[in-house]
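**Q** I'd like to ask you about the structure that follows.
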Amino acid sequence: MSSQSTIRLAAIALVLLGLVSPLAAQTSAKGDLWESTSQSSMIVGGMSMPMPPQTQRVCASKTWKRPPVASNQDQNCTNSDFAVAGQTVTWTSVCTGQMAMTGKGEITRQGSDAYSGTLKYAFAEGTMTVAIAGKKVGECNNPQ
């Protein structure tokens, strides 16, 4: 694999890591403060490339109404087919442009204070799986 391909794939990973923050809110005065940790692993040309875990804190709505998005979400990605079934949320993600990819996400809440799940993407050069886990660390104002 060329160094340009590796750089492109690393850039994709960083963009996707921004997509795995806790579920964002519509608007409300009070929200939940979540600490979310994500770790991605890409498989390109049969070679596995794990990335270091990333942790961030996000103020999110108490009621999840759409899939995980960060404030710096890639403008070329759209999420659809968001569904809630019990404690599990699922959605589809499509990214266009130079690094086009499609993916499916699933997060399951463990009670009201934790969640875990995965995002699985496919792109021309390979696949990426992002494992995510979050824990509620308090309340916050003005959820995103």
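The values are calculated or read from the model by the stated rules, or taken from the named source; none is laboratory data. This one's a predicted model, so the numbers in the text were calculated from it and none came from an experiment. Because the Cβ atoms are built from the backbone with ideal geometry, glycine has one as well, and the counts that use them run over all protein chains shown.
**Q** Go through the range 78-113 and give me each residue that's among the small types (Gly, Ala, Ser) and either surrounded by fewer than 15 Cβ atoms within 10 Å (Cβ to Cβ) or more than 21 Å from MET49 (Cα to Cα) (or both).
**A** Of the range 78-113, the ones among the small types (Gly, Ala, Ser) are 80, 83, 85-86, 93, 97, 100, 103, 105, 111-112.
Of everything in the range 78-113, those that are among the small types (Gly, Ala, Ser) and either surrounded by fewer than 15 Cβ atoms within 10 Å (Cβ to Cβ) or more than 21 Å from MET49 (Cα to Cα) (or both) turn out to be SER80, ALA83, ALA85, GLY86, SER93, GLY97, ALA100, GLY111, SER112.
**Q** Okay, moving on. If I filter the range 63-111 down to residues being aliphatic (A, V, I, L, M) and over 21 Å from SER36 (Cα atoms), which single residue comes out as modelled with the lowest pLDDT? Lay out the reasoning, then the answer.
**A** Residues of the range 63-111 aliphatic (A, V, I, L, M): 69-70, 83-85, 89, 94, 99-101, 107.
Narrowing further to those that are over 21 Å from SER36 (Cα atoms): 85, 94, 99-101.
Values: ALA85: 92, VAL94: 90, MET99: 79, ALA100: 88, MET101: 90.
In this case the residue turns out to be MET99.
**Q** Next question, about the same structure. Within the range 88-144, which residues are among the aliphatic types (A, V, I, L, M), more than 20 Å from THR63 (Cβ to Cβ) and touching a Lys or Arg at 6+ places or on another chain (Cβ under 7 Å)?
**A** Listed by number, the list holds a single entry, MET99.
**Q** Report every pair of residues separated by at least 6 positions or lying on different chains whose Cβ atoms are under 7 Å apart, first residue within the range 96-111 and closer than 13 Å to THR129 by Cα, second part of a loop (DSSP other than H, G, I, E, B) and at pLDDT below 90.
**A** Listed pairs, sorted by first residue: GLY105/PRO67.
**Q** Might you let me know whether the range 114-131 holds any residue that is aliphatic (A, V, I, L, M), exposed (fewer than 15 other Cβ atoms within 10 Å of the Cβ) and under 24 Å from ASP32 (Cβ atoms)? Write out each step before concluding.
**A** From the range 114-131, those aliphatic (A, V, I, L, M) are 114, 119, 122, 124, 128, 130-131; that's our starting set.
Filter again for exposed (fewer than 15 other Cβ atoms within 10 Å of the Cβ), leaving 114, 122, 124.
After this cut, where a residue has to be under 24 Å from ASP32 (Cβ atoms) as well, the list is 114.
Yes, because at least one residue in the range 114-131 is aliphatic (A, V, I, L, M), exposed (fewer than 15 other Cβ atoms within 10 Å of the Cβ) and under 24 Å from ASP32 (Cβ atoms).
**Q** Hey, which of the strands (runs of 3 or more DSSP E) in the range 29-144, taking only ones fully inside, have at least 3 residues that are aromatic (Phe, Trp, Tyr)?
**A** On the way: elements: 30-44, 47-50, 54-60, 77-85, 88-95, 101-109, 114-123, 126-141.
The qualifying strands (runs of 3 or more DSSP E) are 114-123.
**Q** Right, another one. For the structure I just gave you, tell me whether THR37 is under 22 Å from CYS140 (Cβ atoms), loosely packed, with under 14 Cβ neighbours inside 10 Å and modelled with pLDDT of 90 or more.
**A** On the way: under 22 Å from CYS140 (Cβ atoms): yes; loosely packed, with under 14 Cβ neighbours inside 10 Å: no; modelled with pLDDT of 90 or more: yes.
Criteria not met by THR37.
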